[in-house]
1. Could you tell me which of the residues THR144, THR115, THR161 is more than 19 Å from LEU327 (Cα to Cα), in contact (Cβ under 8 Å) with a residue 12 or more places away in the chain and among the hydroxyl-bearing types (Ser, Thr, Tyr)?
2. Provide a single number: the residues in the range 275-328 that are among the aliphatic types (A, V, I, L, M), in a loop (DSSP other than H, G, I, E, B) and either within 22 Å of the chain's Cα centre (by Cα) or surrounded by fewer than 17 Cβ atoms within 10 Å (Cβ to Cβ) (or both).
3. Six or more apart or on different chains, Cβ atoms under 6 Å: show the pairs whose first residue is in the range 323-337 and touching a residue at least 60 places away in the same chain (Cβ under 8 Å) and whose second is of a type in the set (S, T, N, Q) and buried (at least 23 other Cβ atoms within 10 Å of the Cβ).
4. Collect the residues in the range 129-176 that are under 12 Å from SER111 (Cα atoms) and in contact with a strand residue (DSSP E or B) (Cβ under 6 Å, 6 or more places away or on another chain), keeping them in residue-number order.
5. Here are THR144, THR156: which of them is under 29 Å from the mean Cα position of the chain (by Cα), at pLDDT 90 or above and among the hydroxyl-bearing types (Ser, Thr, Tyr)?
6. Could you tell me whether any residue of the range 94-108 is in a helix (DSSP H, G or I) and either surrounded by 16 or more Cβ atoms within 10 Å (Cβ to Cβ) or modelled with pLDDT under 80 (or both)?
7. Limited to the range 228-247, what total is found for residues that are more than 18 Å from the chain's Cα centre (by Cα), buried (at least 20 other Cβ atoms within 10 Å of the Cβ) and within 19 Å of ASP337 (Cα to Cα)?
8. Only residues that are in a strand (DSSP E or B) and among the hydrophobic types (A, V, I, L, M, F, W, C): list them for the range 235-268, please.
Amino acid sequence: MDSLSTANLEFCLDMFKELNNNHVGDNIFFSPLSLLYALSMILLGARGNSAEQMQKVLHFNHVAESLRPDQDSAKCSQTGRIHSEFGALFSQINQPDSNYTLSIANRLYGSQGMTFHQQYLSCSEKLYQSRLQAVDFQKSTEETRQAINAWVARKTNGKITNLFGKGTIDPSSVMVLVNAIYFKGQWQNKFQERETIKTPFQLSKAKSVIVEMMQQTGTFKLAFIKEPQMQVLELPYVNHRLSMIILLPVGTASLEQVEKQLNLKTFRKWTSSSNMRERDVEVHLPRFKLEIKYELNSLLKSLGMTDVFHQIKADLSGISPARGLYLSKVIHKSYVDVNEEGTEAAVATGDNLVVKRLPIRAQFMANHPFLFFIKHTGTNTILFCGKLASPSPSP
């Protein structure tokens, strides 16, 4: 599982850097876990060069070496146990008794005229709980688009609608990967709505916008990093199964400096238990909602996954014996809502037992752009990665 969480983090940071270069100054939000899961379904049927490129981009090359195939997945894939490991990881994160909602819509849509290997169909269902759906892109382009959108909306509690806009599905499409994820979590310690006040959020040195700033004081894990200067705060969700980690530049440091130095090693160091200490913290965090859609073909190509999108070079012979099967589109949309909601933590304070003294309190003031990650604490898996560059102004 460790090597899988390393692959997840490496892929997450690669994706973030690419998106950050392509969307300068914009908010960013995506789910590396959900994308890895979806692309692994393709990898299951990829062969030759296409498979090699995918393994490299997904950082599975070192995972595959560390895992010997087990019988179940050896029947299903050359990559061996990686797929069943993924299934195990996923069910650990997506437990029915968890106090958060995580809805993922993952499906492959393939052209009706294609023959698909029965083994691939049963393996993707067994390992990924997902079937390949045959549709008529050519004759029923518009109906197909609407049917895909309706299915995604159903799978994400109606939060993600119109995943494919009009005209985005081509009659010449042969295979489309649909991937949408919706998350709603409750804080372990709730922000009180009456404490939320309108506050300026500095978009840049010269420009600010008024936002709804939530605030609370409590004991949280916080790190002070000297180079680049920043604070790292961990806000747990109910039951501490998930938490949000926020990287906030402070002093003279800019978010660009943090982004430049962000890699697997620094992220692990900044968020390590030797840096993250429980402290009394006054937290100020804007209320925000992000819903962002990406078409990822060109981004995945620039990371090195080129063949699978190429009509002639793609080798998806594990999915279908037909020639000319390639990936037409990868669309990813994710939704997050960060507000005061949470479960009331019943805390018995022993105020009358101690001599009152003012605690030395750290202040965490997220009134300028920051990066945030939502992770599953038990497996150290990054579910979401985002950048809040410009929150919506307060109404």
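1. Values: THR144 fails: more than 19 Å from LEU327 (Cα to Cα); THR115 fails: more than 19 Å from LEU327 (Cα to Cα).
It is THR161.
2. Adding up the residues that qualify gives 5.
3. HIS332/ASN179; SER334/SER31
4. LEU132, GLN133, ALA134, VAL135, PHE137, THR144, VAL174, MET175, VAL176
5. None of the other options fit; the residue is THR144.
6. no
7. In the first step, residues of the range 228-247 are kept if they are more than 18 Å from the chain's Cα centre (by Cα); the result is 228-233, 238-240.
Then keep just the ones that are buried (at least 20 other Cβ atoms within 10 Å of the Cβ); that gives 228, 230-233.
Those left that are additionally within 19 Å of ASP337 (Cα to Cα): 233.
So the answer is 1.
8. As a first pass, look at the range 235-268 and keep what is in a strand (DSSP E or B): 235-237, 242-249.
Correct list: LEU235, LEU242, MET244, ILE245, ILE246, LEU247, LEU248.
The values are calculated or read from the model by the stated rules, or taken from the named source; none is laboratory data. Keep in mind it's a predicted model, so treat the numbers as computed, not measured. So basically every Cβ, Gly included, is an ideal-geometry build from the backbone, and we count neighbours across all protein chains shown.
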